[in-house]
Amino acid sequence: MASWAYCCSTFPEVSQLGFNEQIVEMCEENANQTWTADEISANLVKYNSTIVNIESDPSFNATSPQFVVTGKKLNKIAHANFISYKHRWDNVSNSHYMGIAFVAAVGAVTIVAGLINWSLRLSRRYSNAVVGRVPNFFRKYFTLGLIGNHLHVNKLQGINPDRVEAFFIFIMFLYSILCCTIIGFNYLPGDTVFANYQAGTSRYWGDRSCIMLSYQMPLLFIFPGRNNFFQYITRWKYSRFVTFHKWLGRIIMMEIFIHSFAMASQTYALDKFTRFGTDWYRYGITACVCAAVIIVLAAAPIRRFYYELFLTVHVVLVVMFLWTAWRHAYSQAYQDFYWACCAIWIFDTVVRFIRIVLFGGPKTAEIELFPGEDVLKVTVSSSKILKGTPGSHAFIHFLTPLRFWQSHPFTVYPSETHEGAVTFTCRVKKGMTKFLADKCKSSGNNKISMKICVDGYYGEQSPYQFYDKTVFITGGTGIAGPYYHCKKLIQTDSNREVKLYWSVRTYECIKWFVPELLTFKDTQLKPVIFVSQPENNISSTSSDDNEKKESDVDSLEKDDVLKQLDFVEIKHGRLSVAEIVTAEIASATGSVAFGACAHTQVVDDVRRTVANSLDHSTHKVEYFEEMQSW
Ligand SMILES: Cc1cc2nc3c(=O)[nH]c(=O)nc-3n(C[C@H](O)[C@H](O)[C@H](O)COP(=O)(O)OP(=O)(O)OC[C@H]3O[C@@H](n4cnc5c(N)ncnc54)[C@H](O)[C@@H]3O)c2cc1C
């Protein structure tokens, strides 16, 4: 006991009191012995009075020492031991502090973003207040800023981060790289824990990277969850968390590689190839391979063109990763981080299930295809408990034997044709939607009934009501969210200025939305529709009789549609974003909010034009993005 205390006393940088207390604790926990710090101090005093310096006492008998001894050589060994263990375990403690700091920083950003965004949502005054040269500069170049051209449409078909996201991703990357590579001390020659430089340094890097990633891993599971509480606090859109999920995944992959290479290097340095035969090493290798395959198969083109394949492989590999990483981490008592990941995932799945039950469980929906427009309308009785808000979406499971497990997000709005029902409008693409369209076509009347489950509602409602004027710029099926917003805005204030610009390809593409547009008749809202290919369904020059008849019918239908929509302004040509945004800001007498939900290029253009026009008004000009992809 006293020799421990003496050992400590030779290191001025170590607090004797703290050390003694640690010994008391250790004795109690491990040997069931009760000591007090004072007793240890008293022992040390006694020890110091009897200690013999073997270098200055020539009569000292090294073969049978009768007294406790000290000397330069012994001190050197003690010092080497002390530093070696200190490096070994300080590195572990510092790695924990760095991981905790990462999570704490995420928490701090969440609280600050939450305070700002909830104030914007709850206070009209605050929403309209942030104007002037400095806030406009900040918003133009940061919160509304895109990097480069067409940021939302990158070459690999993915969605690029915006500037706010890019900023946080950069900080996360930088912090993680610095933490993993700057260990904070050098390997001590003569280290008594690690036999050589490579073994020691590799282990420091290996520990640092794996502890860092252990703290980041639960966040990786929280971010993509539909019931992610960070989203409720910050009011950031879900797509932002999906972006953080993707990039945090890449950061963690980088750390897994650092960990794997470092530990392989240590194995080589210590010539401990027997490790390959141990379970924990093999599980570690398997987890690393799973993580690498997950990253490769989550590449944007695969998500874009083979979404279901991506999803299935992603889920299977993530389960395999969790299992193998858990087994690997168990050997070092880090398994709790992986339990946390499982708990988060299970929680999200259970809440999704509860939402489906609250919506009413499996319900029969009416699905109608509008063939010319390639649009499906899914109408189902609404939930008595869950209420959607403008812009919210739900995930639909279409209950067919092979595809029931898929869930597709669609924007919701109250049905105009069925009392007490909600409608989802779906553009026909190549997967589930094509399957439904084919079923409708083969039904004879383009209509089918099908059991569906609805998991919703998700998404934040943007506070358009706080602005004097609201302008929506939409395209195709992107109209669903803005339509519901417009309806709500004019219902709550019949004097509010609300504008709706909708871009479609042909006249036929208007037909499916006529019942909804008719709700704006005799209101202050006069929708403006841009038809980019007006000639496409009015050609009556066909030589083929059948085609001629069809186009005659088309013409009649078109006339009928136009007659019904006599309050709507129809323009031929492409929607000109710059012109609309500039004109709407110029004619505004107060604050203006723009909402965009269209093709990603159009959304980019609206955002960029609004960002560049902030100084054109003395009032607040705000922009909200209602994206239908992530
Ligand atoms: C928040 C949100 C709201 C949306 N609202 C609407 C809407 O109101 N109307 C509308 O027509 N479309 C909407 N979409 C897009 C719609 O979810 C996809 O078009 C639909 O899932 C395509 O199904 P599919 O199997 O036919 O597609 P595929 O032809 O297999 O793929 C087409 C595209 O859809 C993506 N996609 C496929 N399945 C999913 C899925 N389960 N989850 C997310 N993306 C998927 C693919 O990555 C690909 O980019 C919305 C998307 C999001 C994220």
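Some observations on this one:
- Charge context of ASP615, other residues only, Cβ under 10 angstrom, K/R +1, D/E -1: +2
- If only the Cβ of Lys and Arg carry +1 and only the Cβ of Asp and Glu carry -1, the dipole of the chain around its Cα centre is close to 240 debye.
- Couplings 3J(HN,Hα) for region 406-419, derived from phi with the Karplus relation 6.51 cos²θ - 1.76 cosθ + 1.60 (θ = phi - 60°), are 6, 9, 10, x, 9, 7, 10, 7, x, 5, 8, 10, 10, 4 Hz, where x marks Gly and Pro.
- In the chain, the calculated helix contribution to ellipticity at 222 nm averages -17000 deg cm²/dmol per residue, counting -39,500 (n - 2.57) for every DSSP H run with n ≥ 4.
- For region 2-70, the normalised intensity computed at q = 0.12, 0.17, 0.18 Å⁻¹ comes to -0.39, -0.69, -0.74 (log10 of I(q)/I(0), Debye sum over alpha carbons, equal scatterers, no solvent).
- In region 67-107, chymotrypsin sites (Phe, Trp or Tyr not before Pro) in a DSSP loop with at most 16 other beta-carbon atoms within 10 Å: PHE67
- Crossing angle, helix 307-330 versus the chain [Cα axis fit, 0-90 degrees, rounded to tens]: 10
- Between helix 545-564 and the chain there is an angle of about 80 degrees, using the helix long axis and the longest principal axis of the Cα atoms.
- Calculated FRET value between THR589 and LEU122, using beta carbons and R₀ = 30 Å, to 0.05: 0.75
- In the chain, taking the dipole from charged Cβ atoms about the Cα centre, the farthest positive-side position among PRO482, SER442, SER15 is held by SER442.
- Between region 299-321 and region 489-509, the alpha-carbon center distance in angstrom: 38
- Rounded to the nearest 10 degrees, the inclination of helix 37-50 to the longest alpha-carbon principal axis of the chain is 40 degrees.
- Share of pairwise Cα separations in region 360-458, more than 19 Å, in percent: 35
- Extension gain, LYS429-PHE137: 0.36 nm per intervening residue step, less the Cα-Cα distance, totals 101.1 nm.
- Extent along principal axes [Cα atoms of the chain; Å; largest to smallest]: 123, 57, 43
- Point-charge dipole on Cβ atoms (K/R +1, D/E -1) for region 272-349, about Cα centre, debye to 20: 300
- Ellipsoid fit via the Cα gyration tensor, region 272-349: semi-axes of 26, 17, 7 Å, each the root of five times an eigenvalue, largest first.
- Total formal charge among the other residues, if their Cβ is under 13 angstrom from that of GLN601, Lys/Arg +1 and Asp/Glu -1: +1
- The dipole here belongs to region 360-458: it is taken about the Cα centre, uses +1 on the Cβ of Lys and Arg and -1 on the Cβ of Asp and Glu, and is about 280 debye.
- Most to least packed among 428-435, 204-211, 452-459 [average Cβ atoms within 10 Å]: 204-211, 452-459, 428-435
- Residue-wise HN-Hα coupling along region 219-228, computed from phi with Karplus coefficients 6.51, -1.76, 1.60 (Hz; x: Gly, Pro): 5, 4, 8, 6, 4, x, x, 5, 10, 8
- Per-residue ³J(HN,Hα) for region 488-493, Karplus 6.51 cos²θ - 1.76 cosθ + 1.60, θ = phi - 60°, Hz, x for Gly and Pro: 5, 5, 6, 5, 7, 8
- Förster radius 60 Å - calculated FRET efficiency between ASP468 and ASN30, Cβ distance, rounded to 0.05: 0.25
- In this structure, THR618 and LYS526 have a Cβ-Cβ separation that, at R0 = 22 Å, corresponds to a calculated FRET efficiency of about 0.25.
- Cβ-based charge dipole, the chain, positive-most Cα from ILE169, THR274, PHE513: PHE513
- Around VAL109: net Lys/Arg minus Asp/Glu count, Cβ-Cβ under 14 Å: +1
- A crude spin-label estimate for the pair ILE182 and PHE276, with each label 7 Å from Cα along the Cβ direction, gives 3.8 nm.
- Between ASP560 and LEU17, the simple spin-label model (points 7 angstrom out along Cα→Cβ) gives 9.2 nm.
- The gain in end-to-end length when the ASN53 to ASN495 segment is fully stretched comes to 149.5 nm, 0.36 nm per residue minus the alpha carbon separation.
- In this structure, the residue pairs whose Cα-Cα separation is over 31 Å, taken from LYS140/LYS521; LYS429/LYS571; LYS140/LYS384; LYS441/LYS488; LYS237/LYS447; LYS434/LYS511, are LYS140/LYS521; LYS140/LYS384; LYS441/LYS488; LYS237/LYS447.
- Global size of region 373-423: 11.9, 33 Å for Rg and Dmax (C-alpha atoms, Rg to one decimal, Dmax whole).
- Within region 605-620, backbone nitrogen closer than 15 Å to the virtual label 7 Å beyond the Cα of GLN533 toward Cβ: none
- Positive-pole candidate from TYR47, LEU74, VAL131, dipole of region 39-144, charges at beta carbon: VAL131
- Residue-span extension gain [TYR232 to ALA300] - 0.36 nm each, minus C-alpha spacing: 21.8 nm
FYI, it's all coordinate maths here, none of it is from the lab. Because the structure is predicted, anything quoted here is derived from the model rather than measured. Every residue, glycine as well, gets a Cβ built from its backbone with ideal geometry; the counts of neighbours run over all protein chains shown.
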